[in-house]
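Notes follow the structure.
The values are calculated or read from the model by the stated rules, or taken from the named source; none is laboratory data. Predicted model only: the values in this text are computed from it and were never measured. Positions of Cβ are generated from backbone atoms using ideal geometry, with glycine treated the same way; all protein chains shown enter the neighbour counts.
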Amino acid sequence: MSLEEAAASPLDLIEAAPEAAPPAPRVAPAAARSRADEILAALLSAPILPTLLKLALPTVTVLVAQTAVNIAEAYYVGFLGTDALAGAALVFPVFMLMTMMSNGGFGSGVASSVARAVGAGRSGDADAALFHAMVLAVILGGMFTLGATVGGPVLYRALGGRDGALNAALAYSNYLFAAAIPVWIVNLQQAALRGSGNVRVPALVTLVGAIVTIPASPLLIFGLGPFPRLGISGAGLAFGLYYSAAMLVLLRYMATGRSGLTLRIVSLRWTLFADILNVGVPTAVNATLTNLAVILVTAAVGLFGTKALAGYGISSRLDYIMIPLLFGISTATLTMVGVNIGAGQIARARKIGWTSGLVGLTITGTIGLLVAMFPTVWLHLFSKDAEVVHEGMTYLRIVAPAYGALGFGFAVSFAAQGAGRAMWPLAAAFARILIAAGGGWLAVASFGAGMAGLAAMVTASLAAYAVICTIVMLSPAVWRAER
């Protein structure tokens with residue numbers, strides 16, 4: 001199937017612009033307008049759960065494929081020993097910070113800007129927003145590359161990296177963040193495509209990339225035939241090649257204009273940057289707080305030694321796997337809630353929020369309970385070291401049962417954003433970091449708590465997160481019509 005065929009999403013309302021300059025507003029054909037009316041009717045009146053799941057599926061597919069690459073990479077690194085696992089654990093929260101900021105943070109700003117321009121028939125502004133997003137991707141990606149290169153040694157040492165673990169972290173980080181610009185470009189391109197209604201092409205490109213990368217990665221890590229053995233550096237290089245290839249494919253595709261957007265060089269305008277950043281910055285702050293909590297907890301675990309750091313790294317990686325499942329559901333929730341709030345259907349909007357929260361709770365809660373009962377099924381994928389596995393089991397048996405609270409809170413926070421109440425998710429994120437990181441450090445440094453005490457504070461932070469989000473669902477101040 002070609003990219004053009006894959007682009008035939010039900011939400012694709014805009015035809016490719018003619019090559020004449022300046023570009024004229026694109027007019028959706030009658031069939032497309034009819035499909036748009038059907039979609040709007042579904043958002044406003046169709047059964048909530050099936051509509052929610054249908055909207056979420058393409059985004060979940062993209063993120064699950066990316067997560068599969070992460071899991072496979074960690075699996076391969078596990079064969080390199082405890083130092084390599086600990087090194088990867090030091091780098092992973094920083095990489096996830098970049099991924100969440102580009103996908104869910106600034107990516108939300110890009111998708112919002114493009115969607116509003118398309119909806120208003122301003123095809124020129126939609127194309128311009130895409131180019132501005134690429135400029136932001138180069139700037140922000142370059143900042144991550146520079147920051148990891150210059151500040152990596154200080155950061156990873158501060159997080160507890162020593163000797164072999166620190167050397168592994170630096171080798172992995174240098175190759176991984178060398179591809180930061182392609183990562184940002186790909187993620188913001190995908191966000192722009194989602195904003196224009198094209199959700200199939202990002203899924204197709206990501207799936208093909210994952211299918212190629214998962215078997216190719218061990219060739220660079222362990223070496224085979226003409227491929228040299230690069231160790232943990234090979235894991236970082238494989239990931240960089242994956243994103244670089246995806247970037248080139250998407251750039252070529254979007255330059256043709258067949259996606260509904262046309263990537264072309266335009267004069268830079270501060271108003272378009274502001275339009276993206278007004279939505280992107282608050283969401284990126286939320287993502288930063290979430291990852292900062294993990295980074296600070298990682299630093300606390302570093303006080304226990306390399307074995308504990310490796311055990312925590314492979315167990316907390318499972319925490320992150322919840323995010324792709326939740327992000328797909330939550331972005332669909334934001335759209336559905338926003339449309340219904342705009343239409344004055346407050347009761348339905350709140351019902352969507354409750355439904356989404358319960359879906360998130362059910363999915364992540366089920367996974368969490370299974371992991372708590374059988375933690376070695378996950379841990380033995382990465383290490384057979386008895387001490388490493390023991391530390392990981394301690395963490396998972398305490399934290400995994402609280403995954404349901406994470407799932408509920410995450411989905412509801414997006415419902416609040418759809419209702420135009422962005423400060424509530426920030427309050428929940430602040431509470432989470434205060435308890436997990438602040439309480440965790442206090443438990444370890446002042447009371448000598450081990451992994452069990454630290455895990456208990458992480459669990460308490462997830463419970464507080466869910467409580468605040470429950471207040472959001474119950475508050476009449478949140479669920480009211482726009483003025």
Qualifying position, being among the small types (Gly, Ala, Ser), without any contact (Cβ under 8 Å) to a residue 24 or more places away in the chain and either farther than 12 Å from Val472 by Cα or in contact with an Asp or Glu (Cβ under 8 Å, 6 or more places away or on another chain) (or both), among Ala437, Ala449: Ala449
The stretch 200-238, residues that are assigned to a helix (DSSP H, G or I) and surrounded by fewer than 19 Cβ atoms within 10 Å (Cβ to Cβ): Leu207, Val208, Ile211, Val212, Pro215, Ala216, Leu219, Phe222
Helices (runs of 4 or more DSSP H) fully within the stretch 342-431 counting 3 or more residues that are aliphatic (A, V, I, L, M) and farther than 23 Å from Asn286 by Cα: 346-373, 386-399
Residue in the stretch 402-411 that is over 17 Å from Trp354 (Cα atoms) and surrounded by fewer than 17 Cβ atoms within 10 Å (Cβ to Cβ) present: no
Ala245 vs. criteria touching a helix residue (DSSP H, G or I) at 6+ places or on another chain (Cβ under 6 Å) and closer than 30 Å to Tyr76 by Cα: no
Yes/no for Leu296 being farther than 29 Å from Thr206 by Cβ, touching a helix residue (DSSP H, G or I) at 6+ places or on another chain (Cβ under 8 Å) and in a helix (DSSP H, G or I): yes
Failed item in (1) more than 13 Å from Val94 (Cα to Cα); (2) assigned to a helix (DSSP H, G or I), with Tyr172 passing the rest: (1)
Scope the stretch 222-251; condition within 16 Å of Phe92 (Cβ to Cβ) and among the hydrophobic types (A, V, I, L, M, F, W, C); matching residues: Ile232, Ala235, Ala238, Phe239
Single condition Lys307 does not satisfy, out of (1) at pLDDT below 75; (2) of a type in the set (Lys, Arg); (3) assigned by TED's automatic domain parsing to the domain that holds Met393: (1)
Residue within the stretch 464-472 that is in contact with a Gly (Cβ under 7 Å, 6 or more places away or on another chain), hydroxyl-bearing (Ser, Thr, Tyr) and in a helix (DSSP H, G or I) present: yes
Unique match (being buried (at least 20 other Cβ atoms within 10 Å of the Cβ) and either farther than 23 Å from Asp319 by Cα or not assigned by TED's automatic domain parsing to the domain that holds Ala111 (or both)) among Leu277, Leu241, Leu250, Leu268: Leu250
Answer from Gly231, Gly236 - the residue that is within 30 Å of Leu80 (Cα to Cα), under 25 Å from the mean Cα position of the chain (by Cα) and at pLDDT 80 or above: Gly236
Given (1) at pLDDT below 90; (2) buried (at least 20 other Cβ atoms within 10 Å of the Cβ); (3) under 20 Å from Cys469 (Cβ atoms), index of the condition Leu379 fails: (3)
Filter pass, Arg194 being over 15 Å from Ser244 (Cβ atoms), among the basic types (Lys, Arg) and either buried (at least 23 other Cβ atoms within 10 Å of the Cβ) or not assigned by TED's automatic domain parsing to the domain that holds Ser108 (or both): yes
Of all residues in the stretch 432-449 being assigned to a helix (DSSP H, G or I) and of a type in the set (Gly, Ala, Ser), the one that is surrounded by the most Cβ atoms within 10 Å (Cβ to Cβ): Ala436
Residues of the stretch 305-326 satisfying the condition of being surrounded by fewer than 22 Cβ atoms within 10 Å (Cβ to Cβ) and touching a Gly at 6+ places or on another chain (Cβ under 7 Å): Met322
